[in-house]
1. Only one of (1) in contact (Cβ under 8 Å) with a residue 40 or more places away in the chain; (2) surrounded by 13 or more Cβ atoms within 10 Å (Cβ to Cβ) is not met by Arg425, so which one is it?
2. With Gly462, Gly474, Gly438 as the choices, which residue is in contact with a strand residue (DSSP E or B) (Cβ under 9 Å, 6 or more places away or on another chain) and at pLDDT below 95?
3. May I ask you to list pairs of residues, at least six apart or on different chains, whose Cβ atoms are under 6 Å apart, with the first in segment 195-209 being in contact (Cβ under 8 Å) with a residue 60 or more places away in the chain and the second being open to solvent by 30 Å² or more (accessible area, probe 1.4 Å)?
4. Select from segment 121-163 the residues that are open to solvent by 10 Å² or more (accessible area, probe 1.4 Å), part of a helix (DSSP H, G or I) and of a type in the set (Val, Ile, Thr) and list them in ascending order.
5. Does segment 71-87 contain at least one residue that is of a type in the set (S, T, N, Q), open to solvent by less than 40 Å² (accessible area, probe 1.4 Å), touching a helix residue (DSSP H, G or I) at 6+ places or on another chain (Cβ under 8 Å) and farther than 30 Å from Gly465 by Cβ?
6. Just to be sure, is Arg378 among the charged types (D, E, K, R) and either without any contact (Cβ under 8 Å) to a residue 40 or more places away in the chain or farther than 28 Å from Gly457 by Cβ (or both)?
7. Within segment 454-509, count every residue that is closer than 18 Å to Ser82 by Cα and in a helix (DSSP H, G or I).
8. Enumerate the pairs (first residue in segment 92-107 and at negative phi and hydrophobic (A, V, I, L, M, F, W, C); second residue anywhere and open to solvent by 20 Å² or more (accessible area, probe 1.4 Å) and part of a helix (DSSP H, G or I)) with beta-carbon separation below 9 Å, excluding pairs fewer than 6 apart on the same chain, so at least 6 apart or on different chains.
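The values are calculated or read from the model by the stated rules, or taken from the named source; none is laboratory data. Source: prediction; values computed, not measured. Ideal geometry is used to build each Cβ from the backbone, glycine not excepted, and the neighbour counts take in all protein chains shown. Just the protein is used for accessible areas: all its heavy atoms, side chains included, with ligands, DNA and RNA removed. Shrake-Rupley method; radii C 1.70, N 1.55, O 1.52, S 1.80 Å.
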Amino acid sequence: MKKIYLGLMLLGSLFTSCDMDVKPEGSIMLDEGIQTINDALAERNGLYSFMRSRCGGSYVVTSDLQTDLFLGTMQNGNAYQSFVTGNILSNDRDIEGVWSGLLSGIMQVNYFLEESERFLNTPELDDKTIATVNHYRAEAYFFRAYFNYQLMNYFCEAYDASKASAPASGIPLCTRYQPSSDRGSYPGRSTLAETYTAIENDLAAALTGIEEFETTDKSYLVPTGNGFLNSYAVKALQARVALLKKDWNTAKTLSQEIINFGKFPLTNINDFASMWTNDEGDEIIFQPYGDASQRDAVPATGSLFCSLQPVNVKFTPSAAVLDVYSDDDIRGYVYFEALRITYNGATFYSPNFNKYPGNPVFDSGSISAQKNLPKPFRTAEQYLILAEASLELGDTETANNALNTLRDARIADYTPQNYTGNVLRDQIRLERVKELIGEGFRLSDLRRWNLGFTRDGNYGSGFPGMDGFIIALGTQVVYTPGDYRYTWPIPSAEMETNPQLAGQQNPGY
């Protein structure tokens, strides 16, 4: 077969470990492009594989390690040390990996959109084939929107309407597949307004195509989506993007629509632990498919926090995080555990973040592989979006109702509360921590709210011995409101390779 290089040359990412003779993870290499509906299906499967890896694991959770939610320990083997110490540099390989991985996904989407459009011009295609390919194309538009959203969320500053049209405030936008060694053809950064518009336009195209599919097939309009996208997953990302843009009306309308649809109710207390272990839950709007045969491609997210053989806690929840859960909150029991560890000749217990314990389906031995399917869109997030957007619009009744409904699903014998003003605002923000910890939202939230943070390593008598176990330098990290480190640097190798990026590095790097 003629190997199609779905790498990053167009965007100047020649620094990556990708090789022109190596098939990128998740890609499908076709001899003559898309010639049949089976070719289109193979490419579609490749796109879902890209999505599965890039909406879980290090692509999502590691930004939380940068914040006040976690502390690095002496057992973490220097993992994510720039995040631990706050010394974030433009040559950080973890940041480079996120940048290049997301761009590789965009390149594969662009290849599919171009090849599928050419295929649709094939004479005498039947209506069923045309409808199927258009459905796949709608999914591809969603994937590109998601990858661009992630790039924007890591590498761009918080949205400010008065600054959104500033030059080079967005990401390099690529809508065509045209690998080239001509550095003069690489795009520079767009404005942030243009970046948001590109994401919104792709989501609109995705929604139109997927809703058209759902007029005759509603099989994906169920919890987890049976592993495939549905229109409410598209709306969930639209609501998230609207929240980041501070488009409160759109965020409120979309989150209410998803909640009122009723097919994705909040998972009850009795099933909450199973949702995280067995990847099954009523509130999972979309979850990429994965079975035992694909275990090697499922992210081992839990291993980022702890390894099991031997037991090494790499990142531990900060003391302040452990204190926010009441005794009757199911999340405190599911998300955290105390592990007996041995370090430097001493044996003691350390808190461990156990939100991703591993689904037994993906185990290949007696020890958990710590692999779980990503859950990029859950109804719980929509209640939090609804609460925040409603508060910003002055609708405290809806904000309180959303907050109380979520808490009632997580806290036994919960008594509804009626908050106002800054107290309501702070309770909503606290609930985002309690619900979404370890899902990659915290860095973006703090940036959006223009807040700083410090880290709490004072575990007191509850976990004696932690003072000598956590990395002391990590507890000294302080972020001030508007700290430049809330935005990641464009990787230095990318800056060197792409001449259009000259002078377009993020401030502070």
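1. (1)
2. Result: Gly462 is the single residue among Gly462, Gly474, Gly438 that is in contact with a strand residue (DSSP E or B) (Cβ under 9 Å, 6 or more places away or on another chain) and at pLDDT below 95.
3. If the second residue must be open to solvent by 30 Å² or more (accessible area, probe 1.4 Å), the pairs left are Asp202/Tyr141; Leu203/Gln238; Ala205/Tyr141; Ala206/Tyr141; Gly209/Asn134.
4. Residues satisfying the conditions are Thr129, Ile130, Thr132.
5. no
6. Taking the combined requirement at face value, the residue satisfies it.
7. Looking only at that region, the number is 9.
8. Once the first residue is at negative phi and hydrophobic (A, V, I, L, M, F, W, C) and sits in segment 92-107, its partners that are open to solvent by 20 Å² or more (accessible area, probe 1.4 Å) and part of a helix (DSSP H, G or I) give Val98/Ser58; Val98/Tyr59; Leu102/Tyr59; Met107/Met9.
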